[in-house]
Each structure stands twice: as C-alpha cells, then as structure tokens.
Amino acid sequence: MKIVVTGGAGFIGSNFIFYMLNKYKEYEIICVDKLTYAGNLSTLKTVMDNPNFTFVKADICDRETIYKLFEDVKPNIVVNFAAESHVDRSIENPDIFLQTNIMGTAVLMDACRKYGIDRYHQVSTDEVYGDLPLDRPDLFFTEETPIHTSSPYSSSKAGADLLVLAYHRTYGLPVTISRCSNNYGPYHFPEKLIPLMIANALNDKPLPVYGKGENVRDWLYVEDHCKAIDLIIHNGKVGEVYNIGGHNEMKNIDIVKLICKELNKPESLITYVADRKGHDMRYAIDPTKIHNELGWLPETMFADGIKKTIKWYLENREWWEEIISGEYQNYYKKMYENR
Ligand code: NAD
Ligand code: TDX
C-alpha cells in the first residue's frame, strides 16, 4: 500500500504520518510538501530515516512535477492535507488560498484520474458550513447543512469540496471528504489560538483575544482526527462526506484562562484586541454519521489533551522558538501591533 500524504510537514499531516507509520508497518508513505512558512522539515525528523517514508519537496499546483511523481510512485491512496490554513492570513491575502486550496486540489485529482487511484481523500473543515448562533445550542453542523462560508479561507476550502464531489460525479473518481472541527496538539503552528497563547504566556507577552472572546470552537485532539481519517480511507463510502468532531465546545476566553492557569501565569496578560473581520461565532459538529457508519468516537478528553499539549510545548521549546524567531516576527507585528 502506497499513500501520498500532501502537506505532511504541517500540523495535522505530520501527526497523520506518525500515526500511520506506527500502525501499518508495511505501508509506504510519500509526503509531498512545498515547505511554505507553515511546513517544517524538523517536524518530520523522527521519521526521515524510516525506510517506509519518503519526503518530496513539491508544490501541489505544479502539474508537471505532480504527474511525474504519480507516474513514478503509482500511489493507491492520496490524502490531501496541503493547504493555506490560517483564516487571518486569508483576510490579508486571499490569492494564495485560491491557488493552493482550489487549483492544487484540481491538479492532484487530475493526476489521480490520469494514473488511477483507489481513493482520493480531501481533508476539509467545518468552516465550510459557516457559523451557528450562540443562542441556539441545539443546532449542529450535519453533512446536510448548506455550505455557507465567511472567509476567503473557508470559501476556498468549500470550492475545493465542490470540485471533489464534481470529480466523483463527472469522472467517477473514488473520493471521500472529511470536515473536521478545530484540532489541537503537538506541532500546531504558533499562529493559531492555542499554541500562540501557550508561547506568549511562556514569554510573559500579552495574550491577544479577538473581540470579547465569546466565540465558540469545537476542539478535537489531533490524534482523534488522524484515527477518523484512517477509518474513512479504509472503510468510508466513496462519494461521501464525513463530519468529525467530539462535542467539545469552548469559548476562546475560557481556553486562554485555562492556559494561564496550567502555566501559572496571571490572567492580567489577557488583552482584548480588535475582532477578526467576519468572525464566525460558533462551530459545532454533529459526528453521528461517522460514529454510526465507521464506529469512530473521540478518545482524548479535552482536560487531558490540553495538558498533554502544554507539556509538549514545554518540552519542545526549540521547535516553536525557532519558528517564532524568524519571518514570523514580521507577521506578528503586522497582525497584532496597534490592533
Ligand atoms: P498547516 O498550515 O499546519 O500545514 C499545511 C501544510 O501544507 C504545510 O506543511 C505547508 O508547507 C503545506 N503546503 C501549503 N501549500 C502547499 C502547496 N501548494 N503544495 C504542497 N504543500 C503545501 O495546516 P493544518 O492545520 O495541518 O491543516 C491541514 C489540513 O487540515 C488543511 O487542509 C486544513 O484546511 C484542514 N483542517 C485543519 C484544521 C485545524 O484545526 N488545523 C481543522 C479542520 C481542517
Ligand atoms: O490571536 C488570536 N486570538 C483569538 O482570539 C487568534 C490567532 C485567534 N483567536 C480566536 C479566533 C477564533 O475564534 O480564536 C479562535 C480560533 O482561531 P484560530 O486558531 O485561528 O482557528 P480558526 O479560525 O477557528 O480555524 C481553525 O479551525 C478550522 C484552523 O486554523 C482552520 O485551518 C480549520 O479549518
């Protein structure tokens, strides 16, 4: 079995690679990653010497290179994690999101059509459903919820999802799509809420909470997401969409306060800053379908997962300090100074 994993030098893709190499000793994993600002080869250092693992630096939008790779490798399965993934960056500059998230997906699927594939899996997001109001805790996103996006990021992911379903209907490509809620865990890039707050708190820097911090996200430990994708690529029905989430809704402000408590830092570090444009209020996944059809259930409780995650950031300072010491400083200034 040969699996091409795109975006494997990023947060979720790398965790998926670790999970798969550990679980399936006979599988070959070929990671394809452009190594954008979000991709880090150091993340993959523990698997670089594994004979079942190969790293290929390539852009999923580069048709010639991707075709050549498929011709050489002839993968059985493609799992596409590669994407521009940060909402705030998409608000500043949508172009690259359209390029990578939509055009890159098309190139990968064209390669699958040309060289044949058993399964193309698209890693999507709950953000394609837009948001839910705070005063309707009875509402959840199901797979039937209409697509209704808010940001250039979520729109680009929705565009890709529609293209994936179109390739299934028009060309019979054997696809599946998963739409997951917010992940957290090791190797999460420090521009995102949880790692940003951990890093800033450890450096005694202000903790910038957008708006009033009332927005709700549905948090899932990254390994539970990886387990769900493993089940979908092996047992999921072709042409289907599966929502993934663990019914773990939390307000941003409560997460930030929890991080302060765990790290023994004062809540006075919390600074309320201008809200994100078009900020989604609440995400909440109904995971009934994946539970009933594939038997998936989240295994890591948030109380344990957040402790494990904080411990990981404490024990792996080198990994994130290296990241935040470079170009990231300019990004941080631009996004947060005078906000
Ligand atoms: P990430 O930003 O940490 O990693 C993205 C990876 O893709 C990086 O290694 C980057 O170098 C690579 N990449 C970007 N453009 C590329 C290109 N053109 N060609 C090849 N590689 C490229 O992202 P993540 O948080 O790990 O998210 C992975 C996927 O999961 C994305 O598709 C995202 O939309 C989706 N998702 C993320 C979350 C979350 O909470 N992080 C939740 C649901 C879905
Ligand atoms: O500095 C911050 N302050 C703050 O209040 C940051 C970075 C975020 N926030 C808020 C915005 C959101 O309400 O925290 C919440 C989470 O923000 P992000 O970590 O940027 O995640 P989100 O916008 O919810 O999107 C994430 O989940 C869905 C991923 O980045 C996406 O790739 C995924 O599709």
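The values are calculated or read from the model by the stated rules, or taken from the named source; none is laboratory data. In this text the structure is predicted, and so the values were computed from the model without any measurement. Cβ coordinates were reconstructed from backbone atoms using ideal geometry, including for glycine residues, and neighbour counts include every protein chain displayed. Quick note on the areas: whole protein, heavy atoms, side chains included, nothing else; ligands and nucleic acids left out. Shrake-Rupley method; radii C 1.70, N 1.55, O 1.52, S 1.80 Å.
Residues checked against (1) among the hydroxyl-bearing types (Ser, Thr, Tyr); (2) within 22 Å of PRO208 (Cβ to Cβ); (3) within 18 Å of the chain's Cα centre (by Cα):
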| residue | (1), (2), (3) |
| --- | --- |
| GLU293 | no, no, no |
| ILE306 | no, yes, yes |
| ILE310 | no, yes, no |
| GLU315 | no, no, no |
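Scanning segment 132-151 for residues that are open to solvent by 40 Å² or more (accessible area, probe 1.4 Å) and not β-branched (Val, Ile, Thr) gives PRO133, LEU134, ASP135, ARG136, PRO137, ASP138, LEU139, PHE140, GLU144, PRO146, HIS148, SER150.
Of all the residues that make up segment 184-223, how many are open to solvent by less than 10 Å² (accessible area, probe 1.4 Å) and within 12 Å of ligand 1 (Cβ to nearest atom)? Residues meeting the conditions: 9.
The set of residues in segment 6-31 that are within 6 Å of ligand 1 (Cβ to nearest atom) and part of a strand (DSSP E or B) contains only THR6. Summed over segment 246-302, the residues that are of a type in the set (Val, Ile, Thr) and either open to solvent by 40 Å² or more (accessible area, probe 1.4 Å) or touching a Phe, Trp or Tyr at 6+ places or on another chain (Cβ under 7 Å) (or both) give a count of 6. Only residues that are exposed (fewer than 11 other Cβ atoms within 10 Å of the Cβ) and not in a helix (DSSP H, G or I) were counted in segment 303-339, giving 4. Selection of first residues in segment 138-161 that are closer than 21 Å to ASP286 by Cα and of a type in the set (Phe, Trp, Tyr) and of second residues that are modelled with pLDDT of 95 or more and assigned to a loop (DSSP other than H, G, I, E, B), restricted to Cβ pairs under 6 Å at least 6 apart or on distinct chains, gives the following pairs, ordered by first then second residue: PHE140/ALA284; PHE140/ASP286.
In segment 1-31, the qualifying residues are those that are of a type in the set (A, V, I, L, M) and within 16 Å of the chain's Cα centre (by Cα), and the one that is most open to solvent (accessible area, probe 1.4 Å) is ILE12.
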